[in-house]
Amino acid sequence: MIARALLLATALIAASSAAAVAQTRETFANRTVIAAPVLRANVQVSGDLVRIGDVIDNAGSAAQIAIYRAPDLGTTGSLPVAQVLNTLRAHQVIGVDTRDLKEISVTRLARSLEGKDIELQIARALERRNGLGDAANLSLTFDRDPSDVRLDAGFTGAMQAAIVRYDNRNGRFDVTFEIGNENGAAAAKLRFTGTAIETVEATVLARNVERNEILKSSDVVVERRPKAEVGADPAARDRTVGMQARRQLRAGHAIRTADLVKPDLVQRDQNVVLVYEAPGIYLTMRGKALDNGTEGDVVNVMNVQSKRTLSGTVIGRGQVSISPVSITPAASRLPQTSDVTQPAPVAVAIVSSPVAPKAE
């Protein structure tokens, strides 16, 4: 009985020892797998230093040791694997699995701020400040080109305008933005200076225009011009075509409403049709304009038959309306025979009311 118990105890001890040995071997194997450092082919860093933990997996306690300076913001560099291994050995990191790599690439992450986005943020900061208008109408000129602004990738915050200054006497602006860092570092500060000018859409002449010349569609283009240059009465494009220049204008001139008038429908020395209209009577006769005039203007005309000078109102192209007062001293008098001779009228129409038949 005692012998049987001893045999059982011996078997149990042997089994426990075998299990312990197996567990020890498994644990050692797992530790070996976890501890083996493996080289990375592509490395991305967000700061200005490359650390051991960036270039290899399973770096352990050596992960935070800095070994290289990072490339410039937003750029990529390369490192020969042989050089990396020598650097790792200097810090007691050995047995690295290179995976047969010849070199590794290192990219420094960055946040790029494009010039158009910066310009938009500055325009919004200046909007309606010290007499300026909407942000969409502001034209900015920078003292230094802002298109190459780059920040560490950790600066993920929005651009917040911390200081905004604008002098409307010379158009100078001075704007400082702050951008927060997600890692708790101090906010980045970006300062921009330059000039801001409010612009408006202006109708601009594409060629020189002489006085009294009629503008055609091809004569004008639409451009943005400084508001101060255009003035308070810029002419819209659809209001310029077909209008007449009040004075000589040069190419590139931003047209104002005051530069234009309605086109002359009657030109001096032009043959015109004189129209006389009264109740029941409509007469037309030939005349000659002695003045220029647009629709509604009162001009002097001459009856080519009687050689008399009359006053009339321009009612259409080459047409002047003559009132009874213009033809005779008395308003109730009909035109004299000398003013309306038989060969002169172009058309004669006499309209009278119908007469009822005489009762028998």
*asked:* Any residue at all in region 118-129 that's under 16 Å from LYS227 (Cβ atoms), open to solvent by less than 30 Å² (accessible area, probe 1.4 Å) and part of a strand (DSSP E or B)?
replied: no
*When you scan region 49-78, how many residues do you find that are open to solvent by less than 60 Å² (accessible area, probe 1.4 Å), assigned to a loop (DSSP other than H, G, I, E, B) and more than 15 Å from PRO37 (Cβ to Cβ)?*
5
*Given the conditions (1) part of a loop (DSSP other than H, G, I, E, B); (2) farther than 27 Å from ALA123 by Cα, and given that SER218 satisfies all but one, which numbered condition is not satisfied?*
(1)
*Working only within region 184-227, note down all residues that are touching a residue at least 24 places away in the same chain (Cβ under 8 Å), touching a helix residue (DSSP H, G or I) at 6+ places or on another chain (Cβ under 9 Å) and of a type in the set (A, V, I, L, M).*
LEU190, ALA196, ILE197, VAL200, ALA202, LEU205, ALA206, VAL209, VAL220
*Across region 184-196, what is the total count of residues that are loosely packed, with under 13 Cβ neighbours inside 10 Å and either in contact with an Asp or Glu (Cβ under 9 Å, 6 or more places away or on another chain) or basic (Lys, Arg) (or both)?*
3
*Restricting to region 155-190, what's the tally of residues that are within 24 Å of ASN137 (Cβ to Cβ) and charged (D, E, K, R)?*
5
*Tell me which residues, restricted to region 93-117, are among the polar types (S, T, N, Q) and part of a loop (DSSP other than H, G, I, E, B).*
THR98
*Any idea which residue in region 300-320 is farthest from the chain's Cα centre (by Cα), counting only those that are in a strand (DSSP E or B) and hydroxyl-bearing (Ser, Thr, Tyr)?*
THR309
*Residue list for region 154-183, filter: open to solvent by less than 50 Å² (accessible area, probe 1.4 Å) and either in contact with a helix residue (DSSP H, G or I) (Cβ under 9 Å, 6 or more places away or on another chain) or among the polar types (S, T, N, Q) (or both)*: MET159, VAL164, TYR166, PHE173, VAL175, THR176, PHE177, ASN181
*Could you please give the count of residues in region 55-78 that are closer than 14 Å to SER105 by Cα and touching a residue at least 24 places away in the same chain (Cβ under 8 Å)?*
11
_For region 211-230, give me each residue that is over 27 Å from GLY131 (Cα atoms) and open to solvent by less than 40 Å² (accessible area, probe 1.4 Å)._
LEU215, ASP219, VAL220
*In region 45-59, which residues are of a type outside the set (D, E, K, R) and out of contact with any helix residue (DSSP H, G or I) (no Cβ under 8 Å at 6 or more places or on another chain)?*
SER46, GLY47, LEU49, VAL50
*Please go through region 280-299 and pick out each residue that is more than 49 Å from the chain's Cα centre (by Cα) and surrounded by fewer than 15 Cβ atoms within 10 Å (Cβ to Cβ).*
GLY280, TYR282
_For region 197-210, give me the residue count where each residue is open to solvent by 60 Å² or more (accessible area, probe 1.4 Å), of a type in the set (D, E, K, R) and under 30 Å from ASP117 (Cβ atoms)._
1
_Here's a check for you: in region 231-279, which residue that is closer than 10 Å to VAL204 by Cα, free of Cβ contacts under 8 Å to residues at least 40 places away in the same chain and open to solvent by 60 Å² or more (accessible area, probe 1.4 Å) is nearest to the chain's Cα centre (by Cα)?_
ARG237
*For residues that are touching a residue at least 24 places away in the same chain (Cβ under 8 Å) and loosely packed, with under 12 Cβ neighbours inside 10 Å, tally how many sit in region 79-113.*
3
_For region 132-153, give me the residue count where each residue is more than 18 Å from THR193 (Cβ to Cβ) and open to solvent by 80 Å² or more (accessible area, probe 1.4 Å)._
2
*Scan ALA186, ALA202 and give me the residue that is of a type in the set (A, V, I, L, M, F, W, C) and in a loop (DSSP other than H, G, I, E, B).*
ALA186
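The values are calculated or read from the model by the stated rules, or taken from the named source; none is laboratory data. The structure displayed is predicted, hence computed values, not measured ones. For neighbour counting, all protein chains shown are included, and Cβ atoms are generated from backbone atoms with ideal geometry for every residue, glycine included. The area values use the complete protein model at the heavy-atom level, side chains included, leaving out ligands, DNA and RNA. Shrake-Rupley method; radii C 1.70, N 1.55, O 1.52, S 1.80 Å.
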